[in-house]
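Accompanying notes for the structure given below.
Coordinate-derived values only; no laboratory data. Keep in mind the model is a prediction, meaning the values are calculated, not measured. Reconstructed Cβ throughout: ideal geometry from the backbone, glycine too, with neighbour counts over all protein chains shown.
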Amino acid sequence: MSQAIPISAMAAGVKPSATLAAAAKARALKAEGIHVYDFSVGEPDFPTPEHIQQAAIAAMKAGHTHYTAANGLLELRQAVARWYQRYHGLRYGPDQVLISNGAKHSIHNVLAATVGPGDEVLIPSPYWVSYSDLVEMTGAKYVLLETSWHRGFKITPAQLQAAITPRTRLLMLNSPCNPTGMVYSRGELEALADVVVRTGITVMSDEIYEHLVYGGVRTTCFVTLRPELVEQTITVSGVSKSYAMTGWRIGWALGPMHVIKAMGNIQSQETSSPCSISQYAALAALEGDQECVEAMRQEFEARRDLVCERLTRMPGIQLQPPDGAFYAFFRVADHFGRTFGGRLVTDSVTFCQAALEAAHVNLVPGAFFGAEGFARLSFAASRAELTAGLDALERWLRS
Ligand code: PMP
Ligand code: GLU
């Protein structure tokens, strides 16, 4: 008699990525011929800049279609190191850089190499959906540091200090933040850095949105704040967001050599090398003209202004404009208890379901990011699409 194949305890505990699941739901409706205003997944709608595409084509034609070094092309690791020297004055060698299949993979490698059963990982909340599952996959436990909307979704040094136990291994920082768009000031990060130095915990600083900031706000590269942090920090980033390269799957991590080596060993067993062609494309992105990054940033800023202006005028919606990333994270709790088209809205999940069914606007519930009462709108969509989608959302909220 045949028996179902048993699923491992690790796999049984993993949920699919909520943001990717939300995008899949919109795709299913689109397949039925329904126009969905899909503001769920966070990925730039722009095509990858032409010179980057050309570099990929040239790489293929030049025969770069084989495995590369498991930890990534030396030229690309050098380029990443140079890039951090140019922008942040940091001195990393190529052996302190690991190229992976997207920053999500880099984060997995950081966690797999540094934490395990019995360890605690601190995650300021709201947080990007994948953080908690990626921690759980290692057998470590995640501990959420709750923040409030009124304080700009920021953790305080006292809160960080109080959360640290003998089991605490790692803090996952993300500024600019997905989903809130919050950006810590240099002073705020310095105060957190002092706690990190004093307690000796490790920091994974996810700076993937560092070039996407608005209204003159500046970001700070965490590891630059104190000399000790070089030994305590792994910085993660990649080309997905700044260069509109989500599908190419290239991310990186920089950190102490022994950690990068351990991460590289895991990667060499898991995936061999990242895609060779994508690595040549990423090289062109980092070494080429940076004008494309600024052009896309300016367009995101215009969209941010449009989205915030529209949302703040809608009934029962409250938001603080995001300083970075490309998400509006707004409070929808005033609508809980209302019935829309026969559907009772009781929480962020039912709010987003109702918005999708009735207005064909696809948002991601705040609950998935650890923030019940909120919804996330990605403004990585054209202004025309945003305007039409916000019209539909407003009509529905006023219905
Ligand atoms: N970190 C954050 C905060 C993100 O929003 C994303 C986007 N998915 C990633 C990391 C991973 O990006 P990618 O794997 O596409 O490089
Ligand atoms: N980071 C993006 C988002 O939050 C991409 C989706 C994902 O990788 O989960 O929508």
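Quick look at the values:
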{"item": "Folded to 0 to 90 degrees: helix 186-199 orientation relative to the chain principal axis, Cα", "result": "60"}
{"item": "Sites matching trypsin sites (Lys or Arg not before Pro) across the range 346-399 that sit in DSSP coil, with at most 10 neighbouring C-beta atoms within 10 Å", "result": "R398"}
{"item": "Beta bridges by DSSP in the chain, antiparallel share as percent, to the nearest 5", "result": "50"}
{"item": "Potential extension, H258-R86 segment - 0.36 nm per residue separation minus Cα distance", "result": "59.5 nm"}
{"item": "Anisotropy class of the chain from Cα gyration tensor, a/c 1.5 cut", "result": "rounded"}
{"item": "Between the range 124-183 and the range 322-388, the alpha-carbon center distance in angstrom", "result": "22"}
{"item": "Degrees between helix 74-88 axis and first principal axis of the chain (Cα, 0 to 90, nearest 10)", "result": "70"}
{"item": "Test item: Cα-centred dipole of the range 260-319, Lys/Arg +1 and Asp/Glu -1 on Cβ, debye", "result": "340"}
{"item": "Distance (nanometres) between label positions extended 7 Å along Cα→Cβ at S399 and H64", "result": "5.1"}
{"item": "The range 272-399, dipole about Cα centre (Lys/Arg Cβ +1, Asp/Glu Cβ -1), debye to the nearest 20", "result": "620"}
{"item": "Cα gyration tensor shape for the range 212-258, rounded if a/c is under 1.5, else prolate or oblate", "result": "oblate"}
{"item": "Ranking of R331, R304 by count of other Cβ atoms within 10 Å, fewest first", "result": "R331, R304"}
{"item": "Rounded to 5, the percent of DSSP beta bridges in the range 190-320 classed as antiparallel", "result": "50"}
{"item": "Prolate/oblate/rounded label for the range 7-77 (Cα gyration tensor, a/c 1.5)", "result": "oblate"}
{"item": "Sum of side-chain charges, G215 neighbourhood, beta-carbon under 14 Å (Lys, Arg +1; Asp, Glu -1)", "result": "0"}
{"item": "Net charge contributed by nearby residues that have their C-beta within less than 12 Å of I34 (K/R +1, D/E -1)", "result": "0"}
{"item": "Where labels lie 7 Å past Cα in the beta-carbon direction, separation of E32 and N265 in nm", "result": "5.1"}
{"item": "Of the trypsin sites (Lys or Arg not before Pro) in the range 74-129, those whose Cβ has at most 14 other Cβ within 10 Å and which sit in DSSP loop", "result": "R91"}
{"item": "Peptide ranges 319-325, 179-185, 260-266 listed from the most packed, as the mean C-beta count within 10 angstrom indicates", "result": "179-185, 319-325, 260-266"}
{"item": "Extreme residue, positive dipole direction of the chain, given options G102, F336, M257 (C-beta unit charges)", "result": "F336"}
{"item": "Rounded Å value of the spacing that divides the Cα centres of the range 255-280 and the range 191-231", "result": "23"}
{"item": "Spacing of the two label points (7 Å from each Cα toward its C-beta) at E75 and E385, in nm", "result": "3.3"}
{"item": "Tilt relative to the chain, helix 276-287 - C-alpha long axis, 0 to 90 degrees, to 10", "result": "90"}
{"item": "Net charge of Cβ neighbours under 12 Å - reference A295; Lys, Arg +1; Asp, Glu -1", "result": "-4"}
{"item": "For the range 129-285, size of Cβ-based charge dipole, Lys and Arg +1, Asp and Glu -1, in debye", "result": "60"}
{"item": "Net lengthening on full extension, E357/R186 (0.36 nm per residue, minus Cα-Cα)", "result": "57.3 nm"}
{"item": "Kirkwood-based Rg to Rh ratio, the range 303-360, C-alpha trace", "result": "1.00"}
